[in-house]
Every structure is written in structure tokens, then in C-alpha cells.
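Below: the structure, in C-alpha cells.
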Amino acid sequence: MELHEIRKKVKKELDKDRYEHTKGVMYTAGCLAMANEYPVERAMLAGLLHDCAKCIPNDEKIQICEKHDVLITPAERENPCLLHAKAGAVLAEEKYGVRDPEILHSIKVHTTGEPNMNTLDKIVFIADYIEPKRDKAPHLEFIRRIAFEDLNYCTAEILYDTLHYLSGKKGSIDPSTEIAYEFYQQYEKEQPWKH
């Protein structure tokens with residue numbers, strides 16, 4: 001299936017705001033791919049499908065994951081909204097015919113991150129955070145700037161800000177995010193210019 005065909009299908013599945021966000025992530029992923037000499041079309045497809053399971057009911061997200069033997073963590077059971085990434089990877093393959101394991105993996109980890117992500121993982125993770133419609137995150141201007149200079153450092157900063165934000169909210173923090181930050185912290189330490 002071509003990108004434009006998948007885009008039409010995705011538009012029907014998402015509400016208006018989520019689709020606008022999705023387009024932003026798709027184009028931002030394309031830009032980050034160009035800046036990092038990564039295949040643009042693959043990055044755009046991953047960006048387009050990153051939230052393909054976002055608008056389905058939480059109990060359905062759980063069912064999709066259980067049916068496909070996808071591990072559900074205690075944090076995800078407590079907050080099934082987090083499962084949209086894992087369920088999205090399943091839907092990208094089943095519903096949209098994506099067979100590229102790198103694209104599927106980037107969808108699966110785009111919310112929490114994980115240690116030692118590949119280039120596409122980082123592109124989608126970052127694009128989701130910095131796309132033009134985003135306006136609430138702290139240090140967004142700084143993060144947008146370093147996104148095009150250093151994917152690892154940018155990933156570390158996003159994970160730091162995410163954990164800092166979540167620690168001030170009720171509910172549990174997904175341990176995957178903490179584990180990812182432990183890994184990416186090293187890239188912060190290497191930077192002479194901190195914000």
C-alpha cells in the first residue's frame with residue numbers, strides 16, 4: 001500500500017486533532033530523516049502510523065495486545081492508553097500491511113523509548129514530541145533545535161523532561177521510560193552546552 005493510500009485510511013480512524021498531530025509527526029519525521037540521511041519515505045510511513053491505535057477504546061487496545069501475545073506491563077494495565085504504541089505496531093502490520101520490522105519497532109517504542117534505539121526509533125520518538133502543533137512541553141524551542149543536531153542528545157532531553165513532568169502527576173511512570181533515560185543520560189553528560 002502506498003503512503004497516500006494509507007494516509008486516507010488513517011484519516012478515517014483518527015479524530016480531527018489526532019490526525020493533524022499525525023500529519024505533523026509524519027512531516028517532521030521526514031525532515032529528521034533528511035537531516036540524518038535516513039530513507040524519507042520509511043520515516044514518513046512510521047510517523048503516519050505511530051498513533052494508528054490511539055483512538056480505539058482502551059479495552060480494545062488490551063484485547064489486541066493479549067490476542068498477539070504482546071507483554072502488558074503493570075503500568076500499562078493501570079493506564080491502558082499507553083498501550084496505543086504496542087497495539088499500533090500490531091495494527092500497522094495487520095491493517096495497513098507494513099512488513100518492515102524497523103517501522104513496526106519504531107511505532108512500538110515511540111511512547112516510552114528504550115535503550116539503544118535505532119535511527120528510525122529516535123526519529124519517530126523525537127518527531128512525536130516536537131511536531132509543529134506541540135506547544136506545551138518545557139524547553140521545546142531548545143529541543144527542536146538540538147533535534148536536528150544530535151538525535152541521542154535530543155532523545156536524552158526528551159526522556160528527562162518526560163520523567164520530570166510525569167513525576168509531578170498522579171499515576172505510575174512506565175519503568176521503560178526510566179530504563180531508556182538511564183541509557184541516554186550518557187549523551188547529556190557529553191554536551192558542553194546545557195540549557
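The values are calculated or read from the model by the stated rules, or taken from the named source; none is laboratory data. Quantities reported herein were computed from a predicted structural model and do not represent experimental measurements. All Cβ positions, glycine included, derive from the backbone under ideal geometry; neighbour counts span all protein chains shown.
What do you reckon, is Ile103 of a type in the set (A, V, I, L, M, F, W, C), at pLDDT 95 or above and closer than 28 Å to Lys61 by Cβ? For Ile103, the condition - of a type in the set (A, V, I, L, M, F, W, C), at pLDDT 95 or above and closer than 28 Å to Lys61 by Cβ - is met. Looking at (1) in a helix (DSSP H, G or I); (2) of a type outside the set (Ser, Thr, Tyr); (3) under 18 Å from the mean Cα position of the chain (by Cα), which one does Ile56 not meet, given that it meets all the others? Status for Ile56: all satisfied but (1). Out of the residues in the range 156-178 that are small (Gly, Ala, Ser), in a helix (DSSP H, G or I) and at pLDDT below 95, which is nearest to Thr119 (Cα to Cα)? Filtering the range 156-178 for residues that are small (Gly, Ala, Ser), in a helix (DSSP H, G or I) and at pLDDT below 95, the one nearest to Thr119 (Cα to Cα) comes out as Ser176. Within the range 14-28, no residue satisfies the criterion of being touching a Ser or Thr at 6+ places or on another chain (Cβ under 9 Å) and in a helix (DSSP H, G or I). Going residue by residue through the range 33-54, is there one that turns out to be among the β-branched types (Val, Ile, Thr) and within 24 Å of Glu178 (Cα to Cα)? Within the range 33-54 (the criterion being among the β-branched types (Val, Ile, Thr) and within 24 Å of Glu178 (Cα to Cα)), the answer is no, since none of the residues qualifies. Taking the range 70-119 as the range and being of a type in the set (Gly, Ala, Ser), touching a residue at least 60 places away in the same chain (Cβ under 8 Å) and surrounded by 22 or more Cβ atoms within 10 Å (Cβ to Cβ) as the test, the residues that pass are Ser106, Gly113.
Against the list (1) at pLDDT 95 or above; (2) crowded, with 19+ Cβ neighbours inside 10 Å; (3) farther than 19 Å from Pro39 by Cβ, the condition Lys122 fails is (3).
Of all the listed residues (Tyr181, Tyr187, Tyr153, Tyr129), the sole one being in a helix (DSSP H, G or I), among the hydroxyl-bearing types (Ser, Thr, Tyr) and at pLDDT below 95 is Tyr187. Taking the criterion of being under 22 Å from Lys9 (Cβ atoms) and out of contact with any Pro (no Cβ under 8 Å at 6 or more places or on another chain), the residues of the range 55-69 that qualify are Cys55, Ile56, Pro57, Glu60, Gln63, Ile64, Cys65, Lys67, His68.
Applying a threshold of 6 Å to beta carbon distances and a minimum spacing of six or more residues, or different chains, the list of pairs starting in the range 47-66 at a residue that is over 25 Å from Lys23 (Cα atoms) and ending at one that is part of a helix (DSSP H, G or I) and of a type in the set (Gly, Ala, Ser) reads Cys65/Ala87.
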